[in-house]
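Below you'll find the structure, written out as structure tokens, and then a few comments.
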Amino acid sequence: MSAFAATFRRDAALMWAGGGALAPVGYFLGATMLVPLAMGPERALLEAAGPPLVWIAAGLAVLATLERVFQADLEDGSLDQMLLSPAPLELLVLAKGLAMWCVVGLPIALAGAPAAIALQAPVSLVPAIVLSLALGMAAFIGVGLAGAAVTAGVKRGGVLIALIVLPFFAPPIIFGSAVAAGDQVAAALSILAGCALGAAALGPIAAAAALRLQAE
């Protein structure tokens, strides 16, 4: 657990360094806040288009952060140290994912509150939207870890990561949009929780296997 905590602290500090963690949040807020200006004040139009746009912006904001998750470790030798550590590599990858969720995913989820209000979502739905985004970020990051590990040795592998992970982003986006639209909120949140738990359990395992192949 000491290796888990050390990995978590290191990655969280690196993500904050230079304001890198603020860029995805800024992208998310910029994308969602500009939509009402582009679409005009028509409330019905915003209510129809707003929920999917919130989730598309959230998914793309996470996608933009994935390319360097493991590339930097591969380049500076940190991956070799992780492989030599007595702690399971899957546990260390989980620590990296948890750090990313705390530094990037959770702020995006909290930023979903003003974004939802700007897109004319009912105020009563805002807590559910924030919760759904927190679960969705966990699902995005869990899947993204596997995609980032597969492309760790590829220069400028952002497009390849997108091709790998975007199909797996579809279920959280579908059910997250249902929550934002107020459509069967409890059922959609349950499915999102399942997506998040599945990604958190399987993503580090798949990512660790890919990283071992990269090291070879």
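Each value in this text was obtained by applying a stated rule to the coordinates, not by laboratory testing. These numbers were taken from a predicted model, which means no experiment stands behind them. No Cβ is skipped: glycine too gets one built from the backbone with ideal geometry, and neighbour counts run over all protein chains shown.
Quick check on ILE108: is it buried (at least 16 other Cβ atoms within 10 Å of the Cβ) and farther than 12 Å from THR7 by Cβ?
yes
For the range 106-123, the set of residues classified as under 9 Å from LEU133 (Cβ atoms) and either outside any helix (DSSP H, G or I) or not aliphatic (A, V, I, L, M) (or both) consists of GLY112 only.
The helices (runs of 4 or more DSSP H) found entirely in the range 30-93 that carry 3 or more residues being more than 24 Å from the chain's Cα centre (by Cα), over 21 Å from PHE175 (Cβ atoms) and not aromatic (Phe, Trp, Tyr) are 43-63, 78-84.
The set of residues from the range 71-105 being closer than 30 Å to VAL130 by Cα and free of Cβ contacts under 8 Å to residues at least 60 places away in the same chain comprises TRP101, GLY105.
Being farther than 22 Å from LEU22 by Cα, assigned to a helix (DSSP H, G or I) and free of Cβ contacts under 8 Å to residues at least 60 places away in the same chain is a property that ALA170 has.
If I filter the range 11-25 for residues that are among the acidic types (Asp, Glu) and either within 15 Å of the chain's Cα centre (by Cα) or part of a helix (DSSP H, G or I) (or both), do I get at least one hit? So that I can check it myself, show each step before the final result.
Here is the first cut: in the range 11-25, the residues among the acidic types (Asp, Glu) are 11.
From what is left, the residues that are either within 15 Å of the chain's Cα centre (by Cα) or part of a helix (DSSP H, G or I) (or both) are 11.
Yes, some residue in the range 11-25 is among the acidic types (Asp, Glu) and either within 15 Å of the chain's Cα centre (by Cα) or part of a helix (DSSP H, G or I) (or both).
Does the range 173-196 contain any residue that is surrounded by 16 or more Cβ atoms within 10 Å (Cβ to Cβ), closer than 23 Å to LEU22 by Cβ, out of contact with any Ser or Thr (no Cβ under 9 Å at 6 or more places or on another chain) and touching a residue at least 40 places away in the same chain (Cβ under 8 Å)? The answer is no, given that none of the residues of the range 173-196 is surrounded by 16 or more Cβ atoms within 10 Å (Cβ to Cβ), closer than 23 Å to LEU22 by Cβ, out of contact with any Ser or Thr (no Cβ under 9 Å at 6 or more places or on another chain) and touching a residue at least 40 places away in the same chain (Cβ under 8 Å). Residues in the range 74-98 that are crowded, with 21+ Cβ neighbours inside 10 Å and closer than 13 Å to LEU14 by Cβ: 2 in all.
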